[in-house]
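The values are calculated or read from the model by the stated rules, or taken from the named source; none is laboratory data. Everything quoted here is computed from the prediction, not taken from an experiment. Neighbour counts are summed over all protein chains in view; Cβ atoms, including those assigned to glycine, are modelled from backbone coordinates with ideal geometry. Just the protein is used for accessible areas: all its heavy atoms, side chains included, with ligands, DNA and RNA removed. Shrake-Rupley method; radii C 1.70, N 1.55, O 1.52, S 1.80 Å.
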Amino acid sequence: DGTEPSHMHYENDENYFRGYEWWLMKEAKKRNPQIKLIGLPWTFPGWIGKGENWPYDYPDVTAYYVISWILGAKQYHGLDIDYIGIWNERAFSSKYIKLLRYTLDKHGLQQVRIIASDRLWEPISFVLLLDSELHEVVDVIGAHYPGTKTVPNALLTNKKLWSSEDYSTFNDEVGAGCWARILNQNYVNGNMTSTIAWNLVASYYEELPFGRCGLMTAQEPWSGHYKVEAPIWITAHTTQFTQPGWSYLQVDGHLEGGGSFVALTDGLGNLTIIIETMTHNHSQCIRPPLPQFSVTPQRATFYLKGSFYMVETLQVWHSRLGFESGNSSLFEQLHPVKVWKGHFSLDLNVDEVYTLTTLKTGRKCGCPEPPPPQPFPSNYKDDFNIRNPPFSEAPNFADQTGVFEYFINASDPGDHVFTLRQVMVQRPITWASDADQTISVIGNFQWVNMTVTCDIYIEKQRDGGVFVAGRVDNGGIYVRRTNGVFFWVFADGTYRVTSDLAGEEILMKGLSGVRDNAWHTLTLNIQGTSASGLLNGYPLWENVTVSTPSNGWAAIGTRSFEFAQFDNFHVE
């Protein structure tokens, strides 16, 4: 749902303090030092392809780029990357994967394992069976949204099988049911020993394409409000009582009345059993479609054998998703179960999750109530005057194409020393359909009438250009079809008003006298069906009729992938 800044915007550029991922990885490690870290490129900077929208023509350059990131993680943040992927949901190159392994080893990164190909089970499984050299360097086959199933070829490779991206579902109780079901059944049906949710926290504007498709919601940094949604407590049923490195017991985990169970051990005598009885309509994920099945209340008896025969009691944690009845209970500790002569029975209802475990470490945090929700401030200013910002990007701006970073103009006489600068000068090797323009959105999607003011500085001569906009209606994977009211000025001294980001639906155009490498102030005023624009405080155009969209965010951006600066942003 937007762009993230690379550690190498340009060939001669390296910076390991951009974006939020470094912070996020360190926070994760604080909570669980044993957590695993995986790097996976979604897209690559354009310079890697040397003009082509393809990362494999110069595999040595791509490998250098990826390994720089792994080395930077260690050097600047003390983070060990455990696995590295190839290219998210796009083609893989066997030649590149082999070169990546060679280059990792050359830099002393033997412990970094390779996962491929973060798409479907095929063709990677088939190619691994044909190519023994490739088989040797790929450690994990990662598939996306496998629907709990794998394929014969994947099993034949004898590799670890992971659902390396899954879930992606709205985080209500159905999302929790989806997550509970696949966390178990990815192993029970598909032999997958890892399931990774996209995404961790929904911390982006909800009206973007995958609003609230995170395990929890924290989408109001201006108020501090957040919500620990049901999928978080479903996660806890597994992750509070296991660790990376535990092993699944190879039992048939299908329950007779429907539902499933898995059992895991640390190999040191600890045992964790997780049971789920999710019904079909209460556990549908966003993809793939879920075939019909039935689950009925049942009594299940479990037999502990071998070294587990000696277990006398198991701690019990329970969740019930209530749906229509509204009487949900999430991650509650129940009375321990007594194991008698190696067996015990449980009465299972539908839409429940149980964890039975020898571990006594489970806990449900008693966290203070978060602040109440608030809409985005209806009068918002940012002058970007911050000497040592904690992050590289300004708060609340959500880049949808391009990257907008804090910038220091050392040569400026004083008014515009600290600015926000669009820094991407080349179209990336794209994953989604990035726009041909750059754009960062901000505010409240429900806004109708607004005034957006911003100082702008075009850096690109002749055909450079920038805009301010309101009622902006789209982003993410749909950014190319974004509509709104866009007020553009260009380095050639002209201006335009368009109803689309692409700049094709022109509502008004004319001369402005704007030039490059000089500061100007743009003001866009939208009231009802009418819009007007000011340049440096004087009316430039007025009474332009605007019909759709009827509401949306404010935004700033550039005509192409070009340097440009913004300062003293104000929306009301």
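Here the label points at ILE35 and THR296, each 7 Å from Cα along the C-beta direction, are separated by 4.3 nm in the simple model. Note on the chain: dipole from Cβ charges, positive end direction compared against GLY326, ALA236, GLN219; the farthest Cα belongs to ALA236. Is the shape of the stretch 380-571 rounded, prolate or oblate, going by the alpha carbon gyration tensor and its root eigenvalues a ≥ b ≥ c, with a/c under 1.5 for rounded and a/b larger than b/c for prolate? Verdict is rounded for the stretch 380-571. The chymotrypsin sites (Phe, Trp or Tyr not before Pro) of the stretch 218-252 meeting both criteria, a DSSP state outside H, G, I, E and B (loop) and at most 16 other C-beta atoms within 10 angstrom of the site's C-beta, are TRP222.
With the biggest extent put first, the Cα atoms of the stretch 20-158 measure 41, 38, 26 Å across the principal axes.
Can you compute the FRET efficiency between ALA432 and TYR538 using 1/(1 + (r/R0)^6), with r the Cβ-Cβ distance and R0 = 30 Å? Round to the nearest 0.05.
For R0 = 30 Å, the calculated efficiency reads 0.15.
Stretched out straight at 0.36 nm per residue, the stretch from SER411 to ALA518 would grow longer than its current Cα-Cα span by 37.2 nm. Charging the Cβ of each Asp and Glu at -1 and of each Lys and Arg at +1, and nothing else, the dipole of the stretch 380-571 about its Cα centre rounds to 220 debye.
Rounded to the nearest whole Hz, the Karplus-based 3J(HN,Hα) values (6.51 cos²θ - 1.76 cosθ + 1.60, θ = phi - 60°) of the stretch 141-155 follow the sequence 9, x, 10, 9, 6, x, x, 6, 10, 10, 10, x, 4, 5, 5, with x at glycine and proline.
Computed over protein heavy atoms with a 1.4 Å probe, the carbon and sulfur contribution to the accessible area of the stretch 365-425 reaches 54%.
So between SER132 and THR545, what do we pick up on full extension, going 0.36 nm a residue minus the alpha carbon distance?
142.2 nm
Here the Karplus curve 6.51 cos²θ - 1.76 cosθ + 1.60, taken at θ = phi - 60°, turns the phi angles of the stretch 21-38 into couplings of 5, 4, 4, 5, 5, 5, 5, 4, 5, 4, 7, 8, x, 8, 4, 9, 10, 10 Hz, with x standing for Gly and Pro. Within the stretch 225-251, which residues have the backbone N less than 15 Å from the label spot 7 Å out from LEU268 along Cα→beta-carbon, could you tell me? Inside the label zone: 241-247. A 1.4 Å probe, protein heavy atoms only, puts the accessible area of MET508 near 70 Å². Among THR357, THR239, the sequence by solvent-accessible area, most first, with a 1.4 Å probe is THR239, THR357. In a DSSP loop and with at most 12 other Cβ atoms within 10 Å, the trypsin sites (Lys or Arg not before Pro) in the stretch 295-337 are LYS305. As a rough guide to protection, the peptides 181-188, 211-218 ranked by mean Cβ packing within 10 Å, highest first, stand as 181-188, 211-218.
What residues qualify as long-range amide H neighbours of MET424, i.e. H under 5 Å apart, gap of 5 or more or another chain, H built at 1.01 Å from N? Under 5 Å from the amide H of MET424: VAL403.
Relative to the compact-globule estimate of 2.2 N^0.38 Å, the Cα radius of gyration of the chain comes out at 1.09.
Put a plus charge on the Cβ of each Lys and Arg, a minus charge on the Cβ of each Asp and Glu, and nothing anywhere else: the dipole of the stretch 20-158 about its Cα centre is then about 440 debye. Comparing GLN422, GLY175, GLY470 along the charge dipole axis of the chain, the residue lying farthest to the positive side is GLY175, per the Cβ-charge model.
Would you be so kind as to identify which of ILE506, THR494, LEU535 lies farthest towards the positive end of the dipole of the stretch 380-571, taking Lys and Arg as +1 and Asp and Glu as -1 on Cβ and the Cα centre as origin? Comparing the listed Cα positions along the dipole, ILE506 ranks first. First measure r as the distance between the Cβ atoms of GLU14 and THR313, then evaluate 1/(1 + (r/R0)^6) with R0 = 45 Å and state the FRET efficiency to the nearest 0.05. Approximately 0.25, to the nearest 0.05.
For a modelled paramagnetic label at VAL251, 7 Å from Cα along Cα-to-Cβ, the residues of the stretch 266-295 in reach, with backbone nitrogen under 20 Å, are 266-278. Per-residue accessible area (protein heavy atoms, 1.4 Å probe) orders GLU504, GLU352, GLU173 as GLU504, GLU173, GLU352, starting from the largest. For the stretch 274-287, backbone phi angles converted through the Karplus equation (6.51, -1.76, 1.60; θ = phi - 60°) give residue-by-residue couplings of 10, 10, 9, 10, 6, 7, 4, 6, 9, 8, 6, 8, 4, 7 Hz, Gly and Pro being listed as x. Using a cut-off of 25 Å between Cα atoms, the listed pairs LYS149/LYS341; LYS95/LYS159; LYS149/LYS360; LYS29/LYS98 include LYS149/LYS341; LYS149/LYS360; LYS29/LYS98 as exceeding that distance. Given R0 = 60 Å, the distance between the Cβ atoms of LYS50 and HIS343 translates into a calculated FRET efficiency of 0.40. Computed about the Cα centre, the dipole magnitude for the chain is approximately 1420 debye when only Lys and Arg (+1) and Asp and Glu (-1) carry charge, each at its Cβ.
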